[in-house]
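Let me begin by presenting the structure, written as structure tokens, before commenting on it.
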Amino acid sequence: MLNCITIDVEDWFCVESFRDIFPIETWNQQKPRVLSNIVRICEILNEYNVKATFFILGWIAEKFPEITEYLHSRGHEIGCHSYSHGLVYKMSPEEFRDDTIRSLEAINAGVNIPIRGYRAPSFSIKPKDEWVWKTLADLGFSYDSSVFPVVHDVYGTPDAPRFAHIIKVDENRSILEIPPSTVRIFGKNIGVGGGGYLRLFPYWYTSHALKRLNRLGFPGVIYFHPWEIDLKQPRIKARARSRLRHYTNLKTTEIKLRKLLKNFKFGPVRDVFDLDMKKQIGNRL
Ligand SMILES: [Zn+2]
């Protein structure tokens, strides 16, 4: 079964954990590492003949339009990861709209193609904020992959559906919501194969969970960030929890990623899901 592999394209200083130390006004002064990390990720994907979905941060697309071109020319799918990496649930509808438009403009300066997929920074969309779905539909998106049905201090909606489902915006328009993968363990949803979950858990957990999802007929949706394969990034003296969140097991990401690519089939979101939503998608829990 084909599973989704997705990458949120941002640099090491753009993350929520370092927000206090590196507000967006300071990003231009930091040493960028995203270019070399993207090339590295593409080389790894190429070894396994895999295309992926890259949700690009607008700020990165604006500063490095060559990244968008590079990924598109290699056949990868391009999605949007907001402009400023702000938490959507802290934005007003107008702020969210402006941020998304600015990001789309930056991405489209690199490649002028329709952008169909959105991934919010830190999975910060709350499904009850219905204006989000309308805004995404208004701006031409077909799908979103931002509602993570887990318990987490920054993100997560633990009672949200675990599998892809259609959210009706109005009579004629819908958004396909594609949550990152979870499995249920002792009555709780636990994340699978993404970011911290990929780094912190042993490979056997990710592999077992993905096999379980595939056996039930569900494609896995995994995600990671370019900085998660970068052992040479600057080490920041942040709070202990932020350091733990950002640096723990960095050296294992590439090894686990390679094992996943070897043992499972992966593709971009557009190849795994019917983005035109012609087929009804069930939400089995
Ligand atoms: Zn992000």
Per the Kirkwood formula on distinct C-alpha pairs, the Rh of the chain is how many angstrom?
18.9 Å
Taking every DSSP bridge whose two residues both lie in the chain, the antiparallel percent to the nearest 5 is 30 percent
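For region 1-112, calculate the relative contact order in percent as a whole number, restricting contacts to Cα pairs under 8 Å that are 6 or more residues apart.
Across region 1-112, relative contact order equals 29 percent.
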When the chain is treated as a Gaussian network with springs between alpha carbons less than 10 Å apart, the largest mean-square fluctuation among Ile44, Ile60, Ile185 is found at Ile185
May I ask you to list the lysines whose Cα is less than 21 Å away from that of Lys168, ignoring any residue fewer than eight positions away on the same chain?
Lys126, Lys128, Lys134, Lys278, Lys279
Who wins for biggest fluctuation among Val111, Val15, Val154 in a Gaussian network model of the chain, springs between alpha carbons below 10 Å?
Val154
Kirkwood-based shape ratio for region 23-165, expressed as Rg/Rh from alpha carbons:
0.97
Between the alpha carbon centres of region 117-183 and region 264-278 the gap in Å comes to 16 Å
Could you check how much of the accessible area of region 2-272 is carbon and sulfur, as a whole percent, using a 1.4 Å probe?
53 percent
Kindly sort Arg270, Arg258, Arg241, Arg116 by accessible area of their heavy atoms, largest first, with the probe set to 1.4 Å.
Arg241, Arg270, Arg116, Arg258
Limiting things to C-alpha atoms, what are the Rg and the maximum Cα-Cα separation (Dmax) for region 160-270, in angstroms?
16.2, 51
Given a 1.4 Å probe, how much area per residue of the chain is accessible, in Å²?
45 Å²
Could you identify which residue out of Thr206, Thr253, Thr26 has the top mean-square fluctuation in a GNM of the chain using Cα springs shorter than 10 Å?
Thr26
Note: Tyr203 to Val154 extended length (0.36 nm per residue) minus current alpha-carbon separation gives 15.2 nm
Quick one: which residues, 5 or more positions from Phe266 or on another chain, have an amide H under 5 Å from its amide H? H modelled 1.01 Å from N in the peptide plane, none for Pro or chain starts.
Asn3
Zone of Asp138 (label point 7 Å along Cα→Cβ, backbone N under 19 Å): which residues in region 165-202?
167-176
For a label point 7 Å from the Cα of Arg40 along Cα→C-beta, name the residues of region 198-215 whose backbone N is under 20 Å from it.
198-201, 203
Two pseudo-spin positions, 7 Å from Cα along C-beta at Glu66 and at Arg102, lie apart in nanometres by 2.5 nm
With runs of 4+ DSSP H residues as the only contributors, calculate the mean residue ellipticity of the chain at 222 nm using -39,500 (n - 2.57) per run, divided by the residue total and rounded to the nearest 500.
-10500 deg cm²/dmol
Translational diffusion coefficient (Stokes-Einstein; Kirkwood radius from C-alpha pairs) of region 200-243 at 4 °C, 1.567 mPa s, in µm²/s:
97 µm²/s
For region 145-153, 3J(HN,Hα) per residue [Karplus equation, 6.51 cos²θ - 1.76 cosθ + 1.60, θ = phi - 60°, Hz, x = Gly/Pro]:
9, 10, 9, 9, x, 9, 8, 7, 6
With charges set only on the Cβ (+1 for Lys and Arg, -1 for Asp and Glu), what does the dipole of the chain come to about its Cα centre, in debye to the nearest 20?
1540 debye
Karplus-derived 3J(HN,Hα), 6.51/-1.76/1.60, for each residue of region 155-169, Hz, glycine and proline x
10, x, 10, x, 9, 6, x, 8, 10, 3, 8, 8, 10, 6, 8
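The values are calculated or read from the model by the stated rules, or taken from the named source; none is laboratory data. Bear in mind the structure is a predicted one, so any value in this text is a computation, not a measurement. In this analysis, Cβ positions are derived from the backbone assuming ideal geometry, glycine residues included, and neighbour counts consider all displayed protein chains. Just the protein is used for accessible areas: all its heavy atoms, side chains included, with ligands, DNA and RNA removed. Shrake-Rupley method; radii C 1.70, N 1.55, O 1.52, S 1.80 Å.
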